[in-house]
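**Student:** Right, I'll just put the structure down here and ask away after.
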Amino acid sequence: MLRQQMNTSRPVGMGSKQVLPTARCVVRGRVAPRIVAQAGDPNKPIQANSTGTLSSQSGSVMVLPRSEEARKYFRTVYDFPQWQKHRSQYRLIDRLLQIPASHVMQNIVPSLAWVASISSIVVGYMYAYDHGSLPDGFPAISPNNACSSFIQNTSVALSLLLVFRTNASYGRWDEARKMWGGLLNRSRDIMRQGATCFPEDDPEAKKALARWMVAYARALRIHFQPEVTLESELAQILTPKELEMLKAAPHRPVKAIHAMSQVIQNVRMEPIHQMQMSNNLTFFHDVLGGCERLLRAPIPVSYTRHTARFLFVWLTLLPFALYGSVGPWTIPLVVGVSAVLCGIEEIGVQCEEPFGILPLDVICNRIQADVMNTLKDDEETKAVLMESMGRDRFMEAPVAPVPVAAVASNGNGNGNGNGNGNGRETVNVSAGTSKKTLVLSDFLQ
């Protein structure tokens with residue numbers, strides 16, 4: 001049998017040390033130690049808000065450091081002039097001149113400073129050694145065959161790690177952007193359905209649907225970008241009671257979806273239209289769950305930590321391997337190589353959590369504009385179409401087309417029918433019944 005025992009030694013007197021709890025696993029009389037994670041264990045799993053409540057639900061605006069504030073500059077939204085500049089024939093020179101203002105370069109300055117310091121120490125030491133300025137007994141530290149072999153044999157592995165890291169991070173960014181693009185499309189679709197299918201004598205239902213559509217987008221944005229408050233975003237959209245209800249909700253995007261569902265289910269409309277709109281609301285849940293998955297489940301931290309440690313050691317040993325061949329040029333060369341590799345790693349880190357660099361505010365503004373314009377232009381659209389198509393035809397319900405495929409059979413295979421079809425041609429798809437097949441000659445007679 002398997003049983004576990006916890007032994008805790010107690011202090012015997014003043015000045016005695018208290019031993020931390022240890023765990024023993026007793027299996028058939030043998031005692032085997034088991035690792036117990038302590039408070040300061042660096043390998044302890046990172047589980048922030050394990051109940052699922054995000055810190056953005058507190059309603060307070062987070063104060064971000066400079067490196068996090070700089071992420072706002074990655075929220076690019078292109079139009080035709082931006083694409084023309086993006087394809088400019090002078091883009092290489094332009095990007096080179098912008099290196100001092102690059103936020104990626106600013107974020108890797110501490111790493112570059114470390115590598116430059118190590119390179120300066122190596123170059124200064126070897127310069128003094130070569131000129132005999134050091135006391136006897138000081139060894140030469142470069143060229144170092146061990147460092148050179150390490151750099152040569154691990155360069156490919158480091159490149160593969162960085163490439164995989166960057167590709168995985170870009171995949172997360174692309175997935176988040178597609179989900180928010182889908183949210184924009186579904187918002188337009190639901191509002192179109194509401195404006196078309198809701199009864200004309202219930203305009204307040206259309207307004208309520210529009211309000212909560214915008215409220216969901218804004219609440220979802222604050223859920224992943226806690227840079228603004230709910231009041232500043234929705235004070236002019238929701239009624240005071242609706243705003244207080246949303247603020248008090250434990251999960252605000254879910255509350256907004258629930259409100260839209262209540263609006264749809266309490267409106268007199270065709271059941272098929274209610275089902276279609278409810279299916280669109282299910283997509284909103286999918287977007288919410290997908291975004292929370294990206295936020296709460298990063299790329300495995302062991303992979304990220306190993307890549308960072310590997311890169312740090314590789315760049316630290318690089319000056320020892322290069323001084324024998326390039327001499328004093330070791331410093332700028334190592335700094336340049338470090339800028340390239342650390343920049344790739346920094347881009348991967350920035351893209352891994354995509355919501356800080358996505359223009360969610362711009363997407364929310366587009367959703368609000370399209371939803372409100374659909375609601376505002378609904379009456380005008382109907383009036384123009386009624387005038388151009390004719391009021392009677394416009395208000396007439398669509399008639400299902402009469403299928404023409406085969407003459408109804410009475411089941412005896414002769415194709416004459418039993419008189420119950422009233423002369424209409426229908427399609428009989430029942431198993432075991434005979435059907436008449438129409439060929440081209442039947443239509444040419």
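The values are calculated or read from the model by the stated rules, or taken from the named source; none is laboratory data. This is a predicted model, so every value here is computed, not measured. Glycine also receives a Cβ, built like all others from the backbone with ideal geometry; neighbour counts cover every protein chain displayed. The accessibility values were calculated without ligands, DNA or RNA, using every heavy atom of the protein model including side chains. Shrake-Rupley method; radii C 1.70, N 1.55, O 1.52, S 1.80 Å.
**Student:** Can you give the FRET efficiency to the nearest 0.05 for R192 and D79, using r as the Cβ-Cβ distance and R₀ = 25 Å?
**Tutor:** Here the calculated transfer efficiency is 0.50.
**Student:** On full extension of the chain, what length is gained from E380 through R66, given 0.36 nm per residue of separation minus the C-alpha to C-alpha distance?
**Tutor:** 108.2 nm
**Student:** Does the stretch 62-113 come out rounded, prolate or oblate by the C-alpha gyration tensor, with a ≥ b ≥ c the root eigenvalues, rounded set by a/c under 1.5 and, if not, prolate when a/b is larger than b/c and oblate if not?
**Tutor:** Because a/c hits 1.5 or more and a/b fails to exceed b/c, the stretch 62-113 counts as oblate.
**Student:** Tell me the net charge near V313. Cut-off is 15 Å between Cβ atoms, V313 excluded, with +1 for each Lys or Arg and -1 for each Asp or Glu.
**Tutor:** Neighbour charge sum, excluding V313 itself: +1.
**Student:** Which residues does the label zone of D130 cover in the stretch 298-334, counting backbone N under 12 Å from a point 7 Å along Cα→Cβ?
**Tutor:** In the stretch 298-334, the label zone of D130 (backbone N under 12 Å from the point 7 Å along Cα→Cβ) covers 323-331.
**Student:** State in Å² the accessible area per residue of the stretch 221-371; use a 1.4 Å probe, count heavy atoms of protein chains only, and round to the nearest integer.
**Tutor:** 45
**Student:** Among 311-321, 248-258, 148-158, 84-94, how do they line up by average Cβ neighbours within 10 Å per residue, starting with the highest?
**Tutor:** Peptide ranking by packing, descending: 311-321, 248-258, 148-158, 84-94.
**Student:** List, largest first, the extents of the alpha carbons of the stretch 194-329 along their principal axes, each in whole Å.
**Tutor:** 86, 33, 26 Å, listed from the longest principal axis down.
**Student:** Quick check for you: with a 1.4 Å probe and neighbouring chains kept, what is the accessible area per residue of the stretch 71-214, in Å²?
**Tutor:** Solvent-accessible surface per residue comes out at 61 Å².
**Student:** Taking the Cα-to-Cβ direction at Y170 and at V109 and moving 7 Å from each Cα, how far apart do the two end points lie in nm?
**Tutor:** 2.8
**Student:** Kirkwood Rh over Cα pairs of the stretch 283-396 into Stokes-Einstein at 10 °C, 1.306 mPa s: D in µm²/s?
**Tutor:** 79
**Student:** Let me ask something else. Would you calculate the volume per residue, in Å³, of the smallest convex hull containing every Cα atom of the stretch 143-215?
**Tutor:** It is 81 Å³ per residue.
**Student:** Between K241 and E270, take the C-beta separation as r, use R0 = 30 Å, and let me know the FRET efficiency to the nearest 0.05.
**Tutor:** That gives a FRET efficiency of 0.50.
**Student:** Starting from the alpha-carbon convex hull of the stretch 68-210, give the projected area averaged over all orientations, in nm².
**Tutor:** Mean shadow area of the hull around the Cα atoms is 16.2 nm².
**Student:** Also, I was wondering about something else. Distance from a point 7 Å along Cα→Cβ of E204 to each backbone N in the stretch 269-312: keep the residues under 20 Å and list them by number.
**Tutor:** From the stretch 269-312, the list is 269.
**Student:** If I compute solvent accessible area with a 1.4 Å probe over the protein chains, what percent of it on the stretch 206-326 is carbon and sulfur?
**Tutor:** That share works out to 60 percent.
**Student:** At q = 0.11, 0.13, 0.15, 0.21 Å⁻¹, work out log10 I(q)/I(0) for the stretch 220-297 with the Debye formula, treating every Cα as an identical point scatterer and leaving solvent out; two decimals please.
**Tutor:** -0.35, -0.49, -0.64, -1.05
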